[in-house]
Amino acid sequence: MTNIDILLGLQWGDEGKGKVVDLLARDYDVITRFQGGPNAGHSIEFNGLKHVLHIIPSGIFHRDKINLIGNGVVLDPVIFKEEIRALETMGLTPADNLLVSDKAHLILPTHRLLDAAQETRKGASKIGSTLKGIGPAYTDKTGRAGLRVGDILTPSFKEKYDSLKNNHLKQLATLEFDVQSQLDTMEKEWLASLETLKTFNVVSAEYVLHDYFMSGKRVLAEGAQGTLLDVDFGSYPFVTSSNTIAAGTFTGLGVAPGRTGRVYGIVKAYCTRVGSGPFPTELHDDTGDLLREKGAEFGATTGRPRRCGWLDLVALKYAVMLNGVTDIVLTKADVLSGFDEIKVCDAYLMQGKPHTRMPFEQNVPITPRYRTFRGWTENITPCKEYSELPEALKEYISFIEQETCTRVSIVSVGPDRVETIKRV
Ligand code: GDP
Ligand code: IMO
Ligand code: MG
């Protein structure tokens, strides 16, 4: 029997998960998403082409790999259909190698409207959600009111849909949110997109995965968002609505915890965050702007500029601990080329005292305590071997390894699939 390897983000999302999954997919038979939904934007680049996936696992570009959308995912059929069409335009036939769990929950048009209404109501204290209906869809799931993919194949589906929609309309009226101008079009499109979803293999994914393990297939779970957006351990309430950490894999796929294999933690060489919420190392100066510009830090789902700052070891060590990370994958190291010096936060100074553990309340004055490293000027994107990397970068990597007690086993030096160094 085989185990499941897990790949996930150790920061606030957008660490480069899509790129690394696509790269590692070669070594697996099955790639599966276990949480999140179209709030995710996973970019993959190869042969001069850039592709962004939102719901479909990042193994889809490998025709011989099975891709599976697990029960922990919330699926918007409209976005699913758009993604399928885009892949078909590239000559792929996702219906051949994409399975969908019958227990994944559906995002309704009214979930999206509720997301917008709730954010508007919050005003300055808004979460900065992606407005994809994620929070309301997970609320209905845990509130035992949601609709699941398997429901679309039952005769009473329309009745269930109308009942949930009417419930949402009552909530929207309380929030004084005008919906009628948008709802008709959104609903028509949504109902039509269910026909595309119905042409896919809707399965009891937990059994399918169990059979894969029994037959020796290698399975990789692809996380979305990042550890610091986890609903339990992130900077609550400025989080997403699912468990983004490794533990989410088990409930999000129906896999037993004892099946855990390697856990790949993806870490950007600096930090970014989109949306609201605490970000102790955020830079509001030219250096922050330079990181955004050099790193092309704009959201893959919403296009919003990402907030940028130095690497945060308090947060990173917390993430390594929560996930049981066995391997760190360091991405975007190339973006740091050309900086005179590079800083890393190794403690939070709160009321003058250093803290190396994540505080309960992070929305309080925190001054990062920095360690400073020398920079390097070389363009590292063409490097193929670890030994070719500048000494200053290797020092930076050694420090991360020492502090996290975890090996950096892959270094990404550019967005393309081939711009990656695997350490032996
Ligand atoms: P994800 O959500 O974790 O999959 O990450 P995103 O795709 O939202 O954001 C990562 C961005 O960085 C994408 O535009 C990637 O193409 C790009 N990227 C990934 N790895 C690297 C890298 O090593 N260097 C550079 N310069 N860009 C990278
Ligand atoms: P990937 O998978 C970065 C952020 C939103 C917002 C908060 C809640 O590409 O790394 P939601 O729409 O989930 O209710 O928004 O979470 N967020 C992400 N930030 N990358 C993501 O996904 C994100 N998905 C959600 O900006 O702050
Ligand atoms: Mg992203």
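The values are calculated or read from the model by the stated rules, or taken from the named source; none is laboratory data. Please read all numbers here as calculations on a predicted model, not as lab measurements. Ideal geometry is used to build each Cβ from the backbone, glycine not excepted, and the neighbour counts take in all protein chains shown. Ligands, DNA and RNA are excluded from the accessible area calculation, which covers all protein heavy atoms including side chains. Shrake-Rupley method; radii C 1.70, N 1.55, O 1.52, S 1.80 Å.
Data for the structure
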item: Flag if Ile107 is touching an Asp or Glu at 6+ places or on another chain (Cβ under 7 Å) and either within 16 Å of ligand 2 (Cβ to nearest atom) or among the aliphatic types (A, V, I, L, M) (or both); result: yes
item: Some residue of region 412-420 being under 26 Å from the mean Cα position of the chain (by Cα), within 16 Å of ligand 2 (Cβ to nearest atom) and in contact (Cβ under 8 Å) with a residue 24 or more places away in the chain; result: yes
item: Residue within region 245-263 that is open to solvent by 20 Å² or more (accessible area, probe 1.4 Å) and under 15 Å from the mean Cα position of the chain (by Cα) present; result: yes
item: Pairs, first on the phi > 0 side of the Ramachandran plot in region 130-151, second open to solvent by 40 Å² or more (accessible area, probe 1.4 Å), C-beta under 6 Å, six or more apart; result: Gly133/Arg112
item: Residue that is within 16 Å of ligand 3 (Cβ to nearest atom), over 21 Å from Gly36 (Cα atoms) and either surrounded by fewer than 18 Cβ atoms within 10 Å (Cβ to Cβ) or modelled with pLDDT of 95 or more (or both), where the choices are Arg273, Arg307; result: Arg307
item: Index of the failed condition, Pro278 passing every other in (1) in contact with a helix residue (DSSP H, G or I) (Cβ under 8 Å, 6 or more places away or on another chain); (2) surrounded by fewer than 20 Cβ atoms within 10 Å (Cβ to Cβ); (3) farther than 26 Å from Trp376 by Cα; result: (1)
item: Residue list for region 25-40, filter: within 16 Å of ligand 2 (Cβ to nearest atom) and open to solvent by less than 10 Å² (accessible area, probe 1.4 Å); result: Ile31, Thr32, Arg33, Phe34, Gln35, Gly36, Gly37, Pro38, Ala40
item: Long-range neighbours under 6 Å by Cβ, at least six apart or interchain, first residue farther than 16 Å from Leu316 by Cβ and of a type in the set (Val, Ile, Thr) within region 1-21, second part of a helix (DSSP H, G or I) and open to solvent by 10 Å² or more (accessible area, probe 1.4 Å); result: Ile4/Arg259
item: Enumeration of residues in region 1-29 that are among the hydrophobic types (A, V, I, L, M, F, W, C), within 16 Å of ligand 3 (Cβ to nearest atom) and outside any helix (DSSP H, G or I); result: Leu7, Leu8, Leu10, Trp12
item: Condition broken by Val320, with the remaining ones in (1) open to solvent by 50 Å² or more (accessible area, probe 1.4 Å); (2) part of a helix (DSSP H, G or I) satisfied; result: (1)
item: Filter result for Tyr348 (in a strand (DSSP E or B) and in contact (Cβ under 8 Å) with a residue 24 or more places away in the chain); result: yes
item: Number of positions in region 91-132 that are open to solvent by 70 Å² or more (accessible area, probe 1.4 Å), under 24 Å from Tyr28 (Cα atoms) and not hydroxyl-bearing (Ser, Thr, Tyr); result: 1
item: Subset of region 367-424 [over 19 Å from Gly338 (Cα atoms), open to solvent by less than 30 Å² (accessible area, probe 1.4 Å) and in a loop (DSSP other than H, G, I, E, B)]; result: Thr406
item: Residue match in region 44-61 (condition: at pLDDT 95 or above, farther than 20 Å from Val418 by Cα, open to solvent by 10 Å² or more (accessible area, probe 1.4 Å) and assigned to a strand (DSSP E or B)); result: no
